[in-house]
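What follows is a single structure, written as structure tokens, with notes after it.
The values are calculated or read from the model by the stated rules, or taken from the named source; none is laboratory data. Computed from a predicted structure; not experimentally measured. As a convention, Cβ positions derive from the backbone with ideal geometry for all residues, glycine included, and neighbour counts pool all protein chains shown. Keep in mind that these areas ignore ligands, DNA and RNA; they rest on the heavy atoms of the full protein, side chains included. Shrake-Rupley method; radii C 1.70, N 1.55, O 1.52, S 1.80 Å.
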Amino acid sequence: MVENVAEIVQKKIWGVSFGVIGDLIMGLPVLNYFEKKYPGSYKYWVIEKKCSICAPLYFNHPLIDRVKITDEWSGFGEEDRRLMDECDIVTYRPNAEIHDRKDWYNVRSCIEETARIAGIFDLKDVLSEDEMKPKLVKWFDVGLENPACHTYTRSNNTNLENFENNISIWPFSTEALNLGRSPSPAWWNKLITMLIKDGYTVCHYGRATEPRLSNLDGYINLTHLSYFRQLKACLASRLCIGTDSGSQWVVGAYSHPAINLVTNFLPNHHSNLLALDPINDNAVTFYENGGCDNISVDAVHENVKERVKI
């Protein structure tokens, strides 16, 4: 009888992945894993303070009981450790090897690798294909509060009617524009010029330090907005184009229509070439070896016209 009582005691689980924004999204399927293993468990979703800007994304997730921002900018403090000590399962393993092999991307997806880092090695055995996909729950209105921000909205505000055919872009995966992971500014300028000529409006999201990509009317740089406001505006667009950035993973978790631009920028990446591709049921992926500049601008342009009719 005592054993049966013990079996139904609610488990407490600490964290999954608390680093950069993309890693947090990749860790979402682990919530499904723990819920299937320990139904009704209490789950802390731990986010390092340096990434706290993305905390609102998780406020309405059905499997997150508490969003915990770490005490330290990048690491744990006294309160974090106290809560960890109260948990039955702690995914943080300070002395563990991060990866069992340097080229893990040749054999596993980001989702699988993130789970392994959390100490879970049977994710695919426990979860269905659909449960392996990161999913976020939208609890907010995607229309911007400030009409001057010039983005598509589902309201009837006539001040925004010129932005009905809005395309959003997250152009760069990292602040340093290197390794070919992202298309060059020249590549983006060519695509933006073609889209604006067709009658689309292009809104640029990302870091405030990113270069301006066009001087044409119809190109709007919104990188000065807070991260959460940028995401809300992006999710009001007709289509989002971006690289394998954390933000594009967020877009995918909301299943927002998208185009993913992917390349094999990691060392010796020769197989399983879509390992880094943001998962999105409503995305089309363009992949080319040797850098994103090798992706055809014309092909991406044509795909936008096929999917977003004016």
Taking θ as phi - 60°, what are the ³J(HN,Hα) couplings along segment 164-174 by the Karplus curve (6.51, -1.76, 1.60), each to the nearest whole Hz, with x for Gly and Pro? 5, 9, 8, 10, 9, 9, 10, x, 10, 6, 9
Kindly identify segment 183-310 as rounded, prolate or oblate by the Cα gyration tensor criterion: order the square roots of the eigenvalues as a ≥ b ≥ c, call it rounded if a/c is under 1.5, otherwise compare a/b with b/c, prolate if a/b is larger, else oblate. rounded
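Based on the Kirkwood radius over alpha-carbon pairs, what value in µm²/s does the Stokes-Einstein equation return for the translational diffusion coefficient of segment 217-272 at 25 °C and 0.890 mPa s? Working shown, then result.
Numbers: Rh = 12.9 Å.
D = 190 µm²/s.
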Kindly write out, for segment 42-54 in residue order, the coupling ³J(HN,Hα) from the Karplus curve 6.51 cos²θ - 1.76 cosθ + 1.60 (θ = phi - 60°), rounded to whole Hz, with x marking Gly and Pro. 8, 10, 7, 9, 9, 10, 4, 4, 5, 10, 5, 4, 9
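Quantify how much of the Cα-Cα distance distribution of segment 13-85 extends past 17 Å, in percent. The partial results should precede the final answer.
Values: 1015 of 2628 pairs.
The share of Cα pairs beyond 17 Å in segment 13-85 comes to 39 percent.
Using a 1.4 Å probe over the heavy atoms of the protein chains, calculate the carbon and sulfur portion of the accessible area of segment 192-236 as a whole percent.
51 percent
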Highest GNM mean-square fluctuation among Phe59, Phe172, Phe34, for the chain with Cα springs under 10 Å, belongs to Phe59
For the chain, report the accessible area per residue in Å² (1.4 Å probe, heavy atoms, rounded to an integer). 47 Å²
So who's got an amide H within less than 5 Å of the one on Thr70, skipping anything under 5 residues away but keeping other chains? H placed 1.01 Å off N, in plane. Ile47, Glu48, Lys49
Could you give the alpha-carbon Rg of the chain over 2.2 N^0.38 Å, rounded to two decimals? 1.06
By per-residue mean of other Cβ atoms within 10 Å, what is the highest-first order of 49-57, 22-30, 209-217, 228-236? 22-30, 228-236, 49-57, 209-217
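Rounded to the nearest 0.05, what FRET efficiency do Lys11 and Glu78 have when you use their Cβ-Cβ distance and R0 = 25 Å?
Working: r = 23 Å, r/R0 = 0.94.
In this case the efficiency is close to 0.60.
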Could you work out how far the C-alpha centroid of segment 34-84 sits from that of segment 203-249, in angstrom? 27 Å
Global form of segment 23-145, assessed from the alpha-carbon gyration tensor, a/c cut-off 1.5: rounded
